[in-house]
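One structure is given here, and the rest of the page talks about it.
Just so you know, all these numbers are worked out from the coordinates, no wet-lab data involved. All values reported here derive from a predicted model rather than from experimental measurement. All Cβ positions, glycine included, derive from the backbone under ideal geometry; neighbour counts span all protein chains shown.
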């Protein structure tokens, strides 16, 4: 018999994840701070609840997918929070991207209730969420991971247990450092090539077939050429995630010169008010410095 699931946080990622769980035959109780989001997924078969505690009372396994560390703490331990309904056998799977240091603390507090917690941040953006092809990096006890693996397998195609509580968030920080730096390098390269007089569509075509091929090209290359910055992954979240990586690096004395520079470039995006656009909009910073706009057919 399938466990009853709870899902808290119904944003760009959360809604398609819930739909995949419903399609797999799970009963899913949901809550979001926006009533419209709840209504959208209840129309697909989810059961809407009045708050975080109400979800936890109904569910055996509660998944959280919210923006940042303070929101996870509020969902779990705030007034009418999930923790009030936790007891032995229940599991929290936090799929948000938050502080690895805070995650370890949250897991200890959850453990005191008799329940268990996994940190299971994801990579793959909204496309991966919709197709159920996310990469999921999981921290927590191995037996709890094994119990939850069938659920995670609905949401992703590469699910890896990477260590104890907090390890999932550490690996996600590694992912975000590399992803953000790659996106910045892509923007810089396209601006240089375009300013030198080459059609950026040709540049993307060539780079996509060689050693420089990367997720940034595969997922966002075409959209950049069309000036489409509708968010698959918001700039403000990329900026936040890099901040989490910098926090971790300070705690363990690891120099991060590249991540630090890219963090500042994303800060420029934030200062210019483009935090809700896709994180590929970092190319605009390089465009402004070079005085050229990259789009299909551009010639300097």
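The angle separating the long axis of helix 14-23 from the principal Cα axis of greatest extent in the chain is about 60 degrees.
For residue 4 and residue 36 in one chain, what is 0.36 nm times their gap in residues minus the Cα-Cα distance, to one decimal in nm? Please list the in-between numbers first.
Numbers: separation 32, 0.36 × 32 = 11.52 nm, distance 2.29 nm.
Fully extending the segment from residue 4 to residue 36 adds 9.2 nm.
Using the Cβ-Cβ distance between residue 127 and residue 270 with R0 set to 30 Å, the FRET efficiency from 1/(1 + (r/R0)^6) comes to roughly 0.80.
Stokes-Einstein diffusion of the chain at 37 °C, 0.692 mPa s viscosity, Kirkwood radius from Cα pairs, rounded to a whole number: 164 µm²/s.
Only Cα pairs under 8 Å and 6+ residues apart enter the sum, and on that basis the relative contact order of the chain stands at 14 percent. Between residue 261 and residue 293, the modelled labels are 2.8 nm apart [label points 7 Å from Cα along Cα→Cβ]. Measuring r between the beta carbons of residue 228 and residue 74 and using R0 = 22 Å, the FRET efficiency lands at 0.05.
Under the rule a/c < 1.5 gives rounded, and otherwise a/b versus b/c splits prolate from oblate, where does segment 41-99 land using the Cα gyration tensor? Oblate, because a/c is 1.5 or more while a/b does not exceed b/c.
Is the shape of segment 170-290 rounded, prolate or oblate, going by the alpha carbon gyration tensor and its root eigenvalues a ≥ b ≥ c, with a/c under 1.5 for rounded and a/b larger than b/c for prolate? It comes out prolate by the Cα gyration axes. Mean sequence separation of contacting Cα pairs (under 8 Å, at least six apart), scaled by the length of segment 5-164, corresponds to a relative contact order of 20 percent. Relative to the longest principal axis of the Cα atoms of the chain, the long axis of helix 215-225 makes an angle of roughly 60 degrees. Note that segment 5-164, at 10 °C in a medium of 1.306 mPa s, gets a Stokes-Einstein diffusion coefficient of 105 µm²/s from its Kirkwood radius over C-alpha pairs. Shown is the FRET efficiency for residue 252 and residue 105, computed with R0 = 25 Å from the Cβ-Cβ distance and rounded to the nearest 0.05: 0.90.
Cβ-to-Cβ counts within 10 Å put 269, 174, 214 in ascending order as 174, 214, 269, the fewest first.
By its C-alpha gyration tensor, with a ≥ b ≥ c as the square roots of the eigenvalues, how is segment 1-57 shaped: rounded for a/c under 1.5, else prolate for a/b larger than b/c, else oblate? It would help to have the intermediate numbers written out before the result.
Numbers: a/c = 1.79, a/b = 1.16, b/c = 1.54.
Judged from the Cα gyration tensor, segment 1-57 comes out oblate (a/c at least 1.5, b/c at or above a/b).
Counted residue by residue at 0.36 nm each, then reduced by the alpha carbon distance between them, the extension gain from residue 112 to residue 88 reaches 7.7 nm. Arranged from fewest to most other beta-carbon atoms within 10 Å of their beta carbon, 234, 192 become 192, 234. Entry note, the chain: the mean residue ellipticity at 222 nm calculated from DSSP H runs of n ≥ 4, each adding -39500 (n - 2.57), is -16000 deg cm²/dmol after division by the residues and rounding to the nearest 500.
The C-alpha atoms of the chain define a longest principal axis, and helix 167-195 lies at about 20 degrees to it. Taking other Cβ atoms within 10 Å as a rough exposure proxy, 170, 262 sort from fewest to most as 170, 262.
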